[in-house]
Amino acid sequence: MNKERNHEITKGLRGALQSVRVSEDLKKRTVDRVMALKKGERSRSRMAAFAAGLARHRRAAAAVLALVLCGGVLWSSVGVLAPVILEGSEGALQVRAGLRRFESFDALKAQLLKLKAMGGKHAAGFANGSWTADVAENALGSQKSRTVAPEQSTAGGAGDDYAKTNVQVQGVDEADIMRTDGRYLYIASKGRVAVVDTGGDVPVKLSEIALEDGGSIHEFYLLEDRLILITTGGNVRGVARTESGGAAKPGSAGKAEVRPSQDGEAGGGSDGADMAPDARAVPPAPPSKGEDEPGIAYASDTPAAEPGGNASDIGGELTEEEQRKLAQAKVYDGYRYVQMTGVRVYDISDPSKPVERREFSIEGSLLSSRITGGRLYLVTNKYLDSYAMGEDTDAADILTNYKDTAVGEDTCLVPAESITYLPAGQTQNLLSVATIDYMSDAAANIETVFGSGYILYMNQTSLYVTSAYYDEKNYESGTLIMKFDVTKDGVAYRCSAVVMGTALNQFSMDEHNGYFRIAVTRDIVSGVKPTGAAEIDIAIDRAIASSSNTENRVYVLDKDLKLTGKLSGIAPGERIKSVRFSGDVGYVVTFVQTDPLFVIDLSDPSAPKVRGELKIPGFSQYLHPVGDGLLLGIGQDTEVNEYGAAVTKGIKISLFDVKNPDNPKECNYIVIGGKGSSAVAEYDHRNFVWDAGRKTGMMTAYIADNYNYRGVQGLVVRVEESAVLLEKALNPYELGYGSQYYYGGYSKLIYIGDRLFLYDGTGLHVYDRKTYTHKYALDLEKGGALSPSAYGEDKVYPEKGDVRNGATTESIAIYD
Amino acid sequence: MKGHLRQNQDPADIEALILSCGDDILRICTVYLKDRDAAEDAFQEVFLKVFQSRARFEGRSDIKTWLIRIAINTCKDMLRSSWRRHTVPMDDVGAQSASAYLIEDDVLERQEHRRVLEAVQELPAIYKDVVILYYYYGYAFGEISKILGMREASVRSRMFRAKALLRQRLYREETDSCEQRAQP
């Protein structure tokens, strides 16, 4: 932008705003409000004393429920009895959804058109924000839960001395990007999986798995003889149209015939590049070869689906109807292109020749997955674009496409009748949980809910998905918790509840002895009226007194997600940075400018309470129990600048002594790297490896010094005599490998016996575990030795304060 | 009126603060919240917060920059919360905001200024921060990075993006498709 224009903007902004002045009236109103606050302050200390007395009577208080019933709309076409919202006296909402499914596709479509008519008001089924008074019982009460034995998810191999994936719940496996069975090493790199044999002196690349449809391998599971990939992207053909009229036949699993591709392989082919075809260009042509397929209405046959072919004649703006049809007509050449998330099961009895055994894919984006009890649970979200819908919308436009090679080669649709209607779900999404028995050929079981998901927590008997919930009455953000039971057939939706506040990640929740615990941060909009419950009001007052209007809570819910106990007002004004539940204790770290570590006693589900608190600078984003009453925290070191902003200044690894819950202590901490450094484990717990036998932890980190890049490094830390020490920082960049443009997201450090394997995103490096000498670097793409940096960079180690060509250190990953 | 005078101001003396910084704070609120009523609500929230968190102001910096930070955060919180959605639809807002503070001066110049203001108001919140501090207040990148608590590199890249958006909006310049997709 040249000087003149810069000046124009400044002039314009200042000119436009110069007439904005504070009037006498505004000044007076503001000063009056502040004065009112001054008076309020004096009464606050008295309320604090009162609340201490109240806490002892918490049990009695919790028994009082306020039933809130409102008049509302009965959706006759959907056949849904709207739920009752029960408000616990301490603010957790229990939503008892009638276990209702859509009666037919038309019912689902009607619901979506209503959403569209509301024009962006996201409350599905909220109408005027009111509900009927009918009480609906949980119709799944008779479902039996399947008890499953814990399963070893990694192959034993010869000897057990190698890194396993760091999972949240024992017996429930999570996907990872780098895993080993003690000899063979599997690495997800650049959308493919490389298979490496580490048996010899140097590692050798044996084979590679790439997807033929252009998709990429996101992460995977390693089981005895089986490699299970989770895939995203890919060019997949979905169901074009169902029978004209739009309804999917009930009981037929919604299957519509799809004409096999003329050019051979389904899902592949020359038009791989065309993921989002421009439907404006040409009306989809009817099949040019082959016989007429009965029962399939191609886009050009039905007048309603014809895109605005006359737009060019008009030569001007399209009407709204035409625009909508264009948005809707994703069908091209008789097929629909859909984005699928997939599961591929490979037989790796011979690692040099992986053989695909089964493929399952479902339309939507990946939320997460787990393996437990011999089955894989895949959770995905599909967004429904109600804007693009009209009366003529076909079932195939809305229902979820899926494909299961155990059933057949065709793509099918999840029928509307199998979708559970969850009125509290406020988004236009279909959330699916697919249960896949990967060792057999049993068809996948798909449970779908009209709602969306953001976080997944699973143990061996229950699966919980949480999503954002918006309380329009009080203008607050909450969390909707949906509970599914693990059953003989798969999962079945059980119940849901809403708590006020937002959860950070999967570690914010936990189930123990049948009770579900969740820690949340509640953002309070100032001006919210006092509830009359003294304790809550104190928490609100204290939160508003800080500048960030937040407070933090721990809720305890029972097996039906009914409120059992609650702790609120933790660290008002601060936000939760990390949580770790461990049996009867919960550790919560909050932060504004200093980081308190709270020890929460959960032994009494009806009365969670804070036992001890430790205040230190910096914050931990991941907490890991390392035995002996010690907790390792991985996070950031911080300082407050003169403008009052807290800024990070390096990776901080702390060791906490929590043997005495009333008095947690910090044993010591180490700081690694300078400003701009971050450890992958702060955001992804699977990057952390803990070798309990040697009391050693490993992780990878992006290291910078005042934002000057110093390498994606492997860090080895050891806990000895109540102190955490940095054993070694392994830095391939120093040796000439890697690139400053790699941010470290896909990297990992593991051990196999007496060797360390570091994947830094660009190559696999082998180090001796005792001497930490670099032994070899494997090129994962070509096999063989990796040659030092192919990026033509200056390999001289940069001086402190040196800025490299003005390159920013925002995340830029360069792939070839 | 920078310098020692304001640094010695008592954060508890709200009236004095309004006299010395009030106009600028109200202007920030106007850029974020557009319509007058909402801006004035935000204005009050800001000074309430200033009063409530006065203990946190240690006098190490100019009190005005501390106020600016609180104002920016308050405005962004208000934009996030729902009741904002019930207010006036976007189209009318530019006109309303200008006319609410109408004073008679050169019509053409006023229109031009309003065009600039509207362009800035249309920017996503993260770009508004740096644009206001840079163009209206004239702070340098280093100062902006400290006020907002972010890296200077981030400030630069946001200014780069913001300028591209403003160029497109104000001068109808062609931008390449990358930047167009960058617009939320």
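The set of residues in the stretch A:703-722 that are closer than 28 Å to A:G753 by Cβ and either without any contact (Cβ under 8 Å) to a residue 24 or more places away in the chain or in contact with a helix residue (DSSP H, G or I) (Cβ under 8 Å, 6 or more places away or on another chain) (or both) comprises A:G711, A:V712, A:Q713, A:E721. One residue alone among A:V640, A:V658, A:V585, A:V626 is crowded, with 19+ Cβ neighbours inside 10 Å, touching a residue at least 12 places away in the same chain (Cβ under 8 Å) and aliphatic (A, V, I, L, M), and that residue is A:V658.
If you filter the stretch A:164-219 down to residues that are assigned to a strand (DSSP E or B) and of a type in the set (K, R), you find that the one that is surrounded by the most Cβ atoms within 10 Å (Cβ to Cβ) is A:R179. Within the stretch A:503-526, residues that are touching a residue at least 12 places away in the same chain (Cβ under 8 Å) and within 14 Å of chain B (Cβ to nearest Cβ) sit with their Cβ atoms under 6 Å from residues that are open to solvent by 20 Å² or more (accessible area, probe 1.4 Å) and assigned to a loop (DSSP other than H, G, I, E, B), at 6+ positions apart or across chains, in these pairs: A:V525/A:Y475.
Kindly indicate whether any position in the stretch A:691-708 is touching a Leu at 6+ places or on another chain (Cβ under 8 Å) and either of a type in the set (F, W, Y) or open to solvent by 20 Å² or more (accessible area, probe 1.4 Å) (or both). Break it down stepwise before answering.
Quick first cut of the stretch A:691-708, residues touching a Leu at 6+ places or on another chain (Cβ under 8 Å) only: A:697-701.
From the residues that got through so far, the ones that are either of a type in the set (F, W, Y) or open to solvent by 20 Å² or more (accessible area, probe 1.4 Å) (or both) too are none.
Checked the stretch A:691-708: no residue is touching a Leu at 6+ places or on another chain (Cβ under 8 Å) and either of a type in the set (F, W, Y) or open to solvent by 20 Å² or more (accessible area, probe 1.4 Å) (or both).
When restricted to residues that are outside any strand (DSSP E or B) and within 16 Å of A:T590 (Cα to Cα), the stretch A:607-622 contains 1.
Which count do you get for residues in the stretch A:1-41 that are open to solvent by less than 80 Å² (accessible area, probe 1.4 Å), assigned to a loop (DSSP other than H, G, I, E, B) and under 19 Å from B:R114 (Cβ atoms)? Matching residues across the stretch A:1-41 total 2. Scanning the stretch B:134-168 for residues that are more than 7 Å from every other protein chain (Cβ to nearest Cβ), open to solvent by 30 Å² or more (accessible area, probe 1.4 Å) and not in a helix (DSSP H, G or I) yields B:Y137, B:G138, B:A140, B:M150.
When the stretch A:709-742 is filtered for residues that are over 20 Å from A:M178 (Cα atoms), open to solvent by 30 Å² or more (accessible area, probe 1.4 Å) and among the aliphatic types (A, V, I, L, M), the ones remaining, listed by number, are A:L725, A:L726, A:L735. The criterion of being outside any strand (DSSP E or B) and more than 14 Å from chain B (Cβ to nearest Cβ) does not hold for A:R718. Just one of the numbered conditions (1) within 14 Å of chain B (Cβ to nearest Cβ); (2) open to solvent by less than 40 Å² (accessible area, probe 1.4 Å) is not true of A:L614: (1). Listed by first and then second residue, the pairs linking a residue in the stretch A:723-738 that is more than 23 Å from A:I653 (Cα to Cα) to a residue that is open to solvent by 20 Å² or more (accessible area, probe 1.4 Å) and in a strand (DSSP E or B), with Cβ atoms under 8 Å apart and 6 or more places separating them unless they lie on different chains, are A:L735/A:H774.
The values are calculated or read from the model by the stated rules, or taken from the named source; none is laboratory data. The structure presented is a predicted model; accordingly, all values stated were derived computationally and were not measured. As a convention, Cβ positions derive from the backbone with ideal geometry for all residues, glycine included, and neighbour counts pool all protein chains shown. Protein only, heavy atoms only, side chains kept; ligands, DNA and RNA dropped before computing areas. Shrake-Rupley method; radii C 1.70, N 1.55, O 1.52, S 1.80 Å.
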